[in-house]
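Where a number appears in this text, it was derived from the coordinates with a stated rule and is not lab data. Source: prediction; values computed, not measured. Because the Cβ atoms are built from the backbone with ideal geometry, glycine has one as well, and the counts that use them run over all protein chains shown.
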Amino acid sequence: MEVTPELDADLLDKVTNLAKRRGFIFPSAEIYGGFRSTYDYGPLGVNMLRNVKQAWWRSMVQTRHDIVGLDAAIMGPPAVWAASGHLETFTDPLVDCLVCKERWREDKIDGVCPNCGSTKFTAPRAFNLMFKTQAGPVEGEGSTAYLRPETAQGIFTNFANVLATTRKKPPFGIAQVGKSFRNEITPQNFVFRTREFEQMEMEYFIPPDSAEEWYRYWIDARFNWYLDLGIPEALLRKHEHAQEDLSHYSRGTTDIEFFYPWGWDELEGVANRGDYDLTQHAKHSGVALDYFDQATNERYTPYVIEPAAGATRAMLAFLLAAYHEDEVEGETRSVLRLDWRLAPYHVAVLPLSKKPELEGVSTEVLNSLQPHFMCDYDVTQSIGRRYRRQDEVGTPYCVTIDFETLNDRAVTVRDRDTTAQVRVPIAELTHHFWNLTATS
Ligand code: ATP
């Protein structure tokens with residue numbers, strides 16, 4: 001039986017505050033009063049977000065022979081979105097509260113206005129979530145463009161290009177990471193739902209008769225990716241959509257859900273899209289988007305299994321899962337127990353004192369580590385305070401350089417989670433960290 005974890009109502013506030021205070025995520029255009037639901041990633045956040053995307057790319061592209069990457073344009077002509085079905089069906093049901101006039105997404109509010117408690121609304125209207133813009137100096141027909149609401153369509157429109165240039169054959173995949181835009185009716189919960197966000201999507205093209213097998217394979221593979229990067233199993237679950245709830249393109253969808261401070265909600269969706277996308281684009285473009293299998297002499301339109309994740313949403317889940325408060329030497333500390341692969345800094349180099357005697361050797365240590373690890377360098381405040389500052393942002397290891405270092409050419413390495421300290425010769429330091437961070 002599934003055990004529901006305990007809700008921590010303050011957790012989102014704590015993580016949001018930490019993110020702002022320590023330079024992970026800032027409200028966008030803050031000096032102008034902010035721009036609702038838009039965020040900027042600060043010096044630490046940009047490192048972490050890159051690490052999330054890098055961990056995904058490593059598992060989806062680098063360590064596989066059957067998946068290649070792509071980086072398609074964000075702006076696209078209406079024809080793409082007519083073919084994909086987005087112009088017609090990429091809508092959410094919009095209702096207006098008849099009392100306070102706030103607008104809501106009907107399927108997210110259980111019939112009660114979250115602002116004033118009223119239960120009286122207008123009838124729902126289909127609100128298209130795509131951002132429409134003009135390309136070029138002339139307005140009107142022919143200049144309309146849309147910002148992509150998902151990265152997937154750029155993959156389908158390049159299917160033939162990738163086939164021709166890589167000589168891949170099904171089963172094979174095309175992976176893409178990048179920005180997507182949706183004019184969400186109610187963006188909410190920090191970076192969980194924003195109008196501009198980043199996605200990590202992969203379209204896996206397969207012979208139709210292997211669809212079920214690959215669908216199950218990708219659900220498990222993606223679930224395990226989050227586990228491997230440190231999200232506890234108790235905070236993850238799979239939720240299979242009922243047939244009647246499936247999107248227009250889907251033959252089966254399973255969400256990987258995370259237990260957020262407001263309860264279970266989507267982290268990633270894995271869908272069996274059948275041959276919907278390639279068939280639609282072939283029909284609308286007039287270009288054949290199928291595959292000729294020389295071994296069987298058969299031509300067919302591949303089916304597609306799509307694991308679609310949010311990079312910014314995943315970063316939020318990793319932060320929420322990593323946030324802990326514990327006691328060290330009688331003091332409460334907040335610590336991000338991030339997997340080292342996701343941490344904004346891998347190592348912090350901390351000279352015990354600002355005295356010039358330590359400067360030379362500290363710079364030497366920093367220079368030796370920087371080509372291999374993302375390092376912070378901090379000489380301000382007491383060493384205890386500096387450890388806490390690094391714990392709070394998830395730095396797995398601190399290296400302290402003290403006056404003894406000048407004699408023994410060794411430094412103290414402190415572990416974030418155990419706070420255990422070991423003395424390591426400078427000459428072995430890089431190898432020491434390579435051993436600690438070796439990935440399977
Ligand atoms: P929802 O039903 O919550 O609006 P969706 O099912 O339409 O989401 P998908 O189209 O499956 O979402 O998008 C794939 C992934 O992209 C999501 O699982 C999520 O991680 C991410 N994502 C989608 N919309 C947003 C958003 N507005 N902000 C941040 N991430 C998003």
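If I take the Cα coordinates of the chain and project them onto the principal axes, what are the three extents in Å, biggest first?
Here the spans come out as 75, 65, 58 Å, largest first.
If you take the charge dipole of the chain about its Cα centre, with +1 on Lys and Arg Cβ and -1 on Asp and Glu Cβ, which of Ala317, Pro351, Phe172 is farthest toward its positive end?
Most positive-ward Cα: Pro351.
Distances longer than 22 Å among the Cα atoms of the range 279-385: what percent of all pairs is that? Working shown, then result.
Numbers: 3606 of 5671 pairs.
Summing the P(r) of the range 279-385 above 22 Å gives 64 percent of all pairs.
With the calculation restricted to Cα positions, what are the radius of gyration and Dmax of the range 1-44 in angstrom?
14.4, 50
Restricting things to alpha carbons, tell me how big the range 28-98 is in terms of Rg and Dmax, in Å.
Answer for the range 28-98, Rg first and Dmax second: 18.7, 56 Å.
Could you work out the relative contact order of the chain, using alpha carbon pairs under 8 angstrom and six or more residues apart, expressed as a whole percent?
Relative contact order here is 13 percent.
Non-local amide H neighbours of Val393 (under 5 Å, H modeled in plane, Pro and chain starts lacking H): which ones?
Leu336
Which of Ile256, Ser28, Ser382 sits closest to the plus end of the dipole of the chain, meaning its Cα is farthest towards the positive end, when Lys and Arg get +1 and Asp and Glu get -1 on the C-beta?
Going by the Cα projections, it comes out as Ser28.
Among 316-322, 65-71, what's the highest-first ranking by average C-beta atoms within 10 angstrom per residue?
Answer by packing, highest mean first, reads 316-322, 65-71.
Once R0 is set to 35 Å, what does the formula 1/(1 + (r/R0)^6) return for the Cβ-Cβ distance between Tyr217 and Asn115, expressed as a FRET efficiency to the nearest 0.05?
After rounding, the FRET efficiency stands at 0.20.
Please state, as a whole number in µm²/s, the translational diffusion coefficient that the Stokes-Einstein equation yields for the range 229-344 at 20 °C and 1.002 mPa s, with Rh defined as the Kirkwood radius across alpha carbon pairs.
Result for D is 122 µm²/s.
DSSP loop (so not H, G, I, E, B), at most 11 other Cβ within 10 Å: list which GluC sites (Glu not before Pro) in the range 307-337 pass both filters.
Details: sites: Glu325, Glu327, Glu329, Glu331; in loops: Glu329.
Sparse-neighbourhood loop GluC sites (Glu not before Pro): Glu329.
Only sites in a loop by DSSP and with at most 12 other Cβ atoms within 10 Å count here; which trypsin sites (Lys or Arg not before Pro) in the range 24-97 make the cut?
Passing both the DSSP loop test and the Cβ count: Arg36.
Based on the mean of other beta carbon atoms within 10 Å per residue, what is the order of 183-194, 418-429, most packed first?
Packing proxy ranking, top to bottom: 183-194, 418-429.
Assign unit charges at the C-beta atoms only (+1 for Lys and Arg, -1 for Asp and Glu), then state the dipole size of the range 9-55 relative to its Cα centre in Debye, rounded to the nearest 20.
Dipole about the Cα centre, nearest 20: 140 debye.
What ranking of Met202, Met60 emerges when the number of other C-beta atoms within 10 Å of each C-beta is taken as an exposure proxy, fewest first?
Listed from fewest to most nearby Cβ atoms, that is Met60, Met202.
Only bridges whose two residues both fall in the chain count here: according to DSSP, what percent of them are antiparallel, nearest 5? Before the final figure, lay out each step's value.
On the way: 71 of 83 bridges.
Antiparallel: roughly 85 percent of the beta bridges in the chain.
In nanometres, what is the gap between the two model label sites at Arg103 and Thr4, each 7 Å from Cα along Cα-to-Cβ?
Label-label distance for Arg103 and Thr4, simple model: 3.3 nm.
Dividing the alpha-carbon radius of gyration of the range 369-440 by 2.2 N^0.38 Å (N being the number of residues), what value is obtained?
Normalised Rg, Cα atoms only: 1.10.
Per 5 Å bin, what is the whole-percent P(r) computed from every C-alpha pair distance within the range 101-183?
3, 10, 14, 11, 12, 12, 13, 10, 7, 4, 3, 1
Taking each pair of different alpha-carbon atoms in the range 143-206 once, compute 1/r for the pair, average those values, and report the inverse of that mean as the Kirkwood hydrodynamic radius in Å to one decimal.
Hydrodynamic radius (Kirkwood, Cα pairs) of the range 143-206 is 13.5 Å.
From the phi angles alone, apply the Karplus equation (6.51, -1.76, 1.60; θ = phi - 60°) to the range 268-285 and give each ³J(HN,Hα) in whole Hz, x where the residue is Gly or Pro.
8, x, 10, 10, 9, 8, x, 9, 3, 5, 5, 5, 4, 5, 5, 5, 6, 9
What's the extension gain from Glu331 to Thr91 if we count 0.36 nm per residue and subtract their Cα-Cα distance?
Result: 81.4 nm gained on full extension.
At 0.36 nm per residue, and after removing the present C-alpha to C-alpha distance, how many nm does the segment from Ser247 to Lys354 gain when stretched out fully?
In short, 32.5 nm is gained.
Hey, what's the Kirkwood Rh for the range 222-290 if you take every pair of different alpha carbons, in angstrom?
Radius from the Kirkwood sum: 14.0 Å.
Just rank Cys398, Cys116, fewest to most, by other beta-carbon atoms within 10 angstrom. Before the final figure, lay out the partial values.
Working: Cys398 26, Cys116 12.
Sorted ascending by nearby Cβ count, the order is Cys116, Cys398.
Would you grab the residues whose amide H sits under 5 Å from the one on Asp326? Only those 5+ places off in sequence or on another chain, please, with H modelled 1.01 Å from N.
Amide H neighbours of Asp326, under 5 Å, 5+ apart: Arg333, Val335.
In deg cm²/dmol, rounded to 500, what helix-only [θ] at 222 nm does the chain give when every DSSP H run of at least 4 residues adds -39500 (n - 2.57) and the total is split over its residues?
-8500 deg cm²/dmol
Between Val46 and Lys238, what length comes free when the chain is fully extended (0.36 nm per residue of separation minus the Cα-Cα distance, one decimal in nm)?
Between Val46 and Lys238, full extension yields an extra 66.2 nm.
Mind listing the lone cysteines of the chain, meaning no other Cys beta-carbon sits under 4.7 Å from theirs?
So, Cys375, Cys398.
Amide H neighbours of Met130 under 5 Å, at least 5 residues apart or on other chains, H built in the peptide plane: list them.
The answer is Asn183.
Between the range 258-280 and the range 7-51, what's the alpha-carbon centroid distance in Å?
25 Å
Modelling each spin label as a point 7 Å along the Cα-to-Cβ direction, I'd like the Lys20/Val138 distance in nm, to one decimal.
My value for the distance between the label points is 4.7 nm.
Where the Cα atoms of the range 35-153 are projected onto their three principal axes, how long is each span, largest first, in whole Å?
55, 41, 30
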